[in-house]
Amino acid sequence: MHIFDFKNRTAVVTGGAQGFGLDVAKRFLESGAKVFIWDIDEKLLKSAVDEVKHPNLFYSVVDVSNYQDVEKNVADIISKSNIDILINNAGITGPTGPLWEYDVEMWNKIVQINLMGTFNCCRAIVPNMIKNNYGRIVNVASVAGKDGNANASAYSSGKAGAIGLTKALGKELADKDIAVNAVTPAGAKTRILDQMSKEHVQRMLSKVPRGRFLEIHEFTSLVCWLSSQENTFSTAAVFDISGGRSTY
Ligand SMILES: NC(=O)c1ccc[n+]([C@@H]2O[C@H](COP(=O)([O-])OP(=O)(O)OC[C@H]3O[C@@H](n4cnc5c(N)ncnc54)[C@H](O)[C@@H]3O)[C@@H](O)[C@H]2O)c1
């Protein structure tokens, strides 16, 4: 396993109470970073912090779709330290179903979390990164945002939006030592799969040439490299981690 150097770095990982986000947080901690995990689920946050038991792990209940909530929590952190790394990982798929029957409020909520959540965190944190001329942002999108998954129109749209945001913001910041990239994972066995029907998950898996789910640690490796100081050139880019599904 590669050793990453995140000494003296402070990271915010949204949706960090479980799944991909918590695994990234653990690897950041092992590599020397101070890590703030944000999540909407307080119970899960507490059990994550109890499990990891690390002096450099902090948590806050934050709804990323609420700008005021995000802004307040950013202000709390930057009153003490800079934010060097932002992993926009919080997301929901919502239930599966055809667009023309989809609950309008739920459709809106899915886009609010996946797209506006990413915007809100970037909007609040990027000024601090500009001030320090340093930052690494990774937006966790999905193959759904590239390919468009049938019966997941809100999720696909939210993730496609996050990809567009990555390309635009990466270019806006390209003259600084700030990298903004997106990753597009295929299915991995986290709790998010429970939100979709079994048939939908099986259909997703059947499209992956590797013929298996993505392992969480495989996702974390890619995110860690993109978040590291070694990534000095790649920005505004979309890094595929779909086991051969989305080869473009
Ligand atoms: N697991 C997969 O198959 C897969 C594939 C592609 C992309 N992704 C993306 O990876 C990211 C992480 O998902 P995961 O698989 O670890 O799922 P997960 O459900 O285990 O974790 C997502 C976390 O986000 C939190 N969250 C939801 N809404 C929030 C909000 N408004 N504010 C703050 N936190 C909120 C949840 O409480 C949860 O802890 C998501 O963006 C997801 O869309 C996952």
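Mind jotting down the distance between the C-alpha centroids of region 178-214 and region 1-51, whole Å?
Rounded to whole Å, the Cα centres lie 21 Å apart.
By per-residue mean of other Cβ atoms within 10 Å, what is the highest-first order of 108-117, 2-11?
108-117, 2-11
What shape does the chain have by the C-alpha gyration tensor, where a ≥ b ≥ c are the square roots of the eigenvalues, rounded means a/c under 1.5, and otherwise prolate means a/b greater than b/c and oblate the rest?
Note, shape of the chain comes out rounded.
Measure nothing fancy, just the Cα-based angle from helix 153-172's long axis to the longest principal axis of the chain, in degrees from 0 to 90, nearest 10.
30 degrees
Can you find, among ALA144, CYS122, TRP107, the residue sitting farthest towards the positive end of the charge dipole of region 102-153, where Lys and Arg contribute +1 and Asp and Glu -1 at Cβ?
Toward the positive end, the furthest listed residue is CYS122.
For helix 67-78, what angle does its Cα long axis make with the longest principal axis of the chain, in degrees from 0 to 90 and rounded to 10?
30 degrees
Loop-only trypsin sites (Lys or Arg not before Pro) in region 17-81, please: DSSP not H, G, I, E or B, and at most 11 other Cβ atoms within 10 Å.
LYS53, LYS80
What's the carbon and sulfur percent of the chain's accessible surface, probe 1.4 angstrom, rounded to a whole number?
On the way: 6280 of 11730 Å².
Its accessible area is 53 percent carbon and sulfur atoms.
Taking a 28 Å limit on the Cα-Cα distance, which of the listed pairs LYS43/LYS171; LYS159/LYS198; LYS176/LYS207 fall beyond it?
LYS43/LYS171; LYS176/LYS207
What ranking, highest mean first, results for peptides 205-217, 134-146 when packing means the other Cβ atoms within 10 Å averaged over each residue?
So the peptides 205-217, 134-146, ranked by packing, come out 134-146, 205-217.
Between region 114-135 and region 76-93, what is the separation of their alpha carbon centroids in Å?
8 Å
If you roll a 1.4 Å probe over the heavy atoms of the protein chains, what accessible area per residue do you get for region 59-130, in Å²?
On the way: 3430 Å² over 72 residues.
Value for region 59-130: 48 Å² per residue.
Residues with amide H under 5 Å of GLY135's amide H, sequence separation 5 or more or different chain, H placed in the peptide plane at 1.01 Å from N; which?
Excluding prolines and chain starts, which carry no amide H, the hits are ILE178, ALA179.
Once you keep just the Cα pairs under 8 angstrom separated by 6 or more residues, what percentage relative contact order results for the chain? Before the final figure, lay out each step's value.
Details: 496 pairs, mean separation 47.3, N = 248.
RCO, the chain: 19 percent.
Alpha carbons only, please: Rg and Dmax for region 191-248, in angstrom.
14.0, 41
Run the numbers for SER81 and GLU51: contour at 0.36 nm per residue of separation, minus the present Cα-Cα distance, in nm. Could the numbers behind the result be given before it?
Working: separation 30, 0.36 × 30 = 10.80 nm, distance 2.50 nm.
Stretched out fully, the SER81 to GLU51 stretch lengthens by 8.3 nm.
Taking the Cα centre as origin and putting +1 on Lys and Arg beta-carbons and -1 on Asp and Glu beta-carbons, what dipole magnitude results for region 107-242, to the nearest 20 debye?
300 debye
The values are calculated or read from the model by the stated rules, or taken from the named source; none is laboratory data. This structure is a prediction, so every number in the text was calculated from the model and none was measured. Quick reminder, even Gly has a Cβ in these numbers, built from the backbone with ideal geometry, and neighbours come from all protein chains shown. Protein only, heavy atoms only, side chains kept; ligands, DNA and RNA dropped before computing areas. Shrake-Rupley method; radii C 1.70, N 1.55, O 1.52, S 1.80 Å.
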